[in-house]
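To start, the structure under review is shown below, and the notes come after it.
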């Protein structure tokens with residue numbers, strides 16, 4: 001079972017695609033949550049921000065659950081070592097997703113200002129913490145983790161090393177950028193203008209931080225580069241550089257009010273950044289910066305972690321049939337809600353708003 | 001220490017999630033049926049009721065969804081040795097649940113909530129049915145995973161891992177289909193009991209005829225739903241008991257705290273004193289346990305002592321007896337609440353038939369209290385089936401103590417405390433919001449608008 005097969009490589013790639021899809025989609029949800037306090041002037045603005053992602057955020061989050069489930073099924077050892085190893089980090093993400101998730105449904109239930117304030121903070125903080133921890137996690141994947149026979153045992157603070165924190169901030173800024181571009185694309189009037197200005201700032205920060213992370217990861221080297229199957233270093237490097245260039249291009253595009261193209265660029269940058277991490281890790285599920293679980297192997301290989309070919313075949317058939325259907329109806333949702341949100345006519349600009357149900 | 005804390009954490013996050021899951025499945029079906037009646041019969045009353053209960057459905061769904069995220073990762077967090085052992089088999093239905101069920105419910109719920117003006121009435125109706133199908137599919141796949149833990153099929157063990165050999169067997173597991181039917185009809189009873197309780201209370205206190213009439217119709221309809229659903233719960237539960245008698249005889253014995261193998265075993269309704277076999281006081285129904293387990297008057301039911309000896313001989317020395325007070329009382333809480341629900345449903349149907357459904361003050365009180373019955377039954381049933389499998393995490397293959405992660409007790413304890421805190425707050429908020437929604441006036445029905453006349457900009461919902 002410890003050999004690398006085509007099926008396990010396929011599932012490694014598919015799980016990478018699930019993460020990439022997750023960050024592309026929930027990335028702008030997080031971004032909207034994070035920039036909402038910056039671009040909103042009153043309650044109606046905040047409601048417009050929430051409603052911009054309202055019909056889709058829940059479906060977007062499922063990409064994470066499927067990535068988790070697919071990892072469990074296709075690479076049990078990966079699922080088990082990663083999530084028990086990064087115990088408190090994952091716990092933080094789960095808490096963030098809980099308070100953020102209920103904030104959508106709960107916020108509008110009372111007119112009370114303090115009540116709404118609580119859920120605004122929950123939505124903001126949940127988005128921020130989740131974005132930060134995911135960024136930290138993926139930077140650690142790219143750099144490799146210090147492993148021992150028991151797997152990763154460095155705890156939460158072992159993950160929060162300086163390089164990973166830079167990567168975490170990069171993720172925060174990339175998602176904030178992606179989210180404000182999305183807001184600029186989905187709203188109108190002054191809110192749209194403010195979203196565009198915020199996008200510019202967040203975008204510049206994102207480019208700088210992504211470049212810094214890239215340099216840090218490259219400087220760290222890749223102890224598993226010699227393992228059979230590892231891709232040449234130029235592949236992830238090229239993907240990461242193109243991602244940074246696309247982010248820079250998106251800043252220019254948003255300055256020129258080309259919101260649609262800017263969104264395509266930020267989205268593509270996110271997909272490529274995940275692609276870079278994944279191609280850097282390959283063929284490791286959990287790459288080691290030092291130490292080993294199996295003596296002599298710098299990390300947990302996907303071959304070691306993979307399920308039996310029969311399980312992978314069943315999963316491949318199910319995924320082959322149902323993934324296109326999911327993409328079709330999720331895509332249709334975006335088509336149904338393609339129009340821009342406008343400030344309700346009965347609500348004059350900056351005034352205490354009505355509404356909610 | 002880590003093991004005990006991990007057990008507590010899993011029990012807490014699972015049972016809390018399971019307060020909301022059957023409610024969401026059941027309310028989803030109820031709301032979908034109401035909206036269907038509204039469209040098919042062109043009846044405003046059902047439309048109003050579907051919007052009214054849709055609000056409560058969304059609160060339940062929101063809490064169910066966020067607490068469900070935790071469970072997707074709970075196995076990796078606290079049960080990593082288990083995850084490695086079963087991932088080949090257990091992971092597949094979990095992944096498929098995400099792909100087939102979660103995407104369906106989470107995507108179409110957005111369309112249902114935000115799409116009222118953008119979709120045609122038929123298409124909008126289809127979206128709530130899609131959500132409902134999603135929630136039911138979710139139950140199917142997670143129960144497929146759980147049924148495998150109760151009664152493993154379609155596998156071999158290779159290099160310390162359970163390896164899938166027959167996926168059809170996993171999906172065709174008799175344990176799965178019995179528990180799937182049991183869970184889904186219990187969920188419908190749960191949603192039905194909530195709709196019944198709130199409707200009858202609102203009809204009773206309504207100040208205008210429109211409201212009174214609408215809620216009376218809602219209540220009359222759900223009396224029948226609850227009655228039929230709970231009878232099906234009993235029937236499917238009975239099928240489960242007979243499977244359990246063959247597949248997990250220890251669980252059957254533990255349900256009754258039956259120490260020694262008996263022919264024509266009786267069933268105790270309650271026990272005062274301890275469960276050591278010498279009670280202070282007991283009420284017993286002769287032969288009932290044999291009937292439940294074996295469908296025969298004098299059928300043999302294996303006792304705890306005999307099973308303990310048999311499992312020790314088979315799996316090596318050890319304690320193979322579940323925690324008896326937990327299995328005994330959770331089983332009684334489940335069955336007792338179920339019996340009360342049958343009585344409640346039958347009372348309601350009888351009152352409805354006599355055209356006195358809304359008049360009886362006592363029935364209003366009973367129906368309001370009845371909202372809690374299925375919630376108690378669901379939680380007890382889940383606790384019973386999981387606690388009754390102990391000490392096994394996968395029956396006959398792996399013990400729970402062997403499945404736990406190597407994480408520090410402090411981490412598990414701290415996160416458990418945080419889950420308790422956050423979930424308690426969620427529970428209070430959800431309860432407050434449901435009570436508030438139950439007081440909400442019935443909506444006036446908007447003019448139906450086709451997609452052609454849809455407003456230019458989407459409505460703000462949140």
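Taken together, the values in this text are just the output of simple stated rules run on the coordinates, not laboratory data. No experiment lies behind these values; they were computed from the predicted model shown. Here the Cβ is made from the backbone with ideal geometry for all residues, glycine too, and neighbour counts use every protein chain on show.
If you wrap the range B:249-321 in the convex hull of its Cα atoms and look at it from every side, the mean projected area works out to 4.7 nm².
Taking Cα atoms only, the orientation of helix B:324-353 departs from the longest principal axis of chain B by about 30 degrees.
Modelled this way, with points 7 Å down the Cα-to-C-beta line, the labels at residue A:323 and residue B:208 are 5.4 nm from one another.
Please report B:113, B:435 as a ranked list, fewest other C-beta atoms within 10 angstrom at the top and most at the bottom.
Least crowded to most crowded, the residues run B:435, B:113.
Highest mean packing first, where packing is the average number of other Cβ atoms within 10 Å per residue, the peptides B:166-178, B:99-111, A:227-239 line up as B:99-111, B:166-178, A:227-239. Ranked by the mean number of other Cβ atoms within 10 Å of their residues, highest first, the peptides B:3-11, B:90-98, B:63-71, A:318-326 fall in the order B:90-98, B:63-71, B:3-11, A:318-326.
For chain B, evaluate the Debye formula with one uniform point scatterer on each Cα (no solvent term) and list log10 I(q)/I(0) at q = 0.10 Å⁻¹, rounded to two decimals. The computed values of log10 I(q)/I(0) come out as -0.79. Per residue of B:430-441, other chain Cβ atoms within 10 Å of the residue Cβ number 1 on average.
Helix B:44-78 and the longest principal axis of the Cα set of chain B meet at an angle near 30°.
In the protein assembly as shown, the convex hull through the Cα atoms has an average projected area of 34.6 nm², a quarter of its surface area.
For the pair the range B:368-403 and the range B:97-138, the centres of their Cα atoms are 30 angstrom apart. Other protein chain C-beta atoms within 10 Å of residue C-beta, averaged over A:46-56: 4.
In degrees between 0 and 90, to the nearest 10, how far off the longest principal axis of chain B does helix B:209-247 point, with axes built from Cα atoms? Result, in degrees: 20. Counting only other chain Cβ atoms within 10 Å of each residue's Cβ, the peptide A:310-318 averages 5. Counting neighbouring beta carbons within 10 Å and listing from fewest to most, the residues B:151, B:440, A:178 come out as B:440, B:151, A:178.
Going from the fewest other Cβ atoms within 10 Å to the most, the residues B:25, B:283 appear in the order B:283, B:25.
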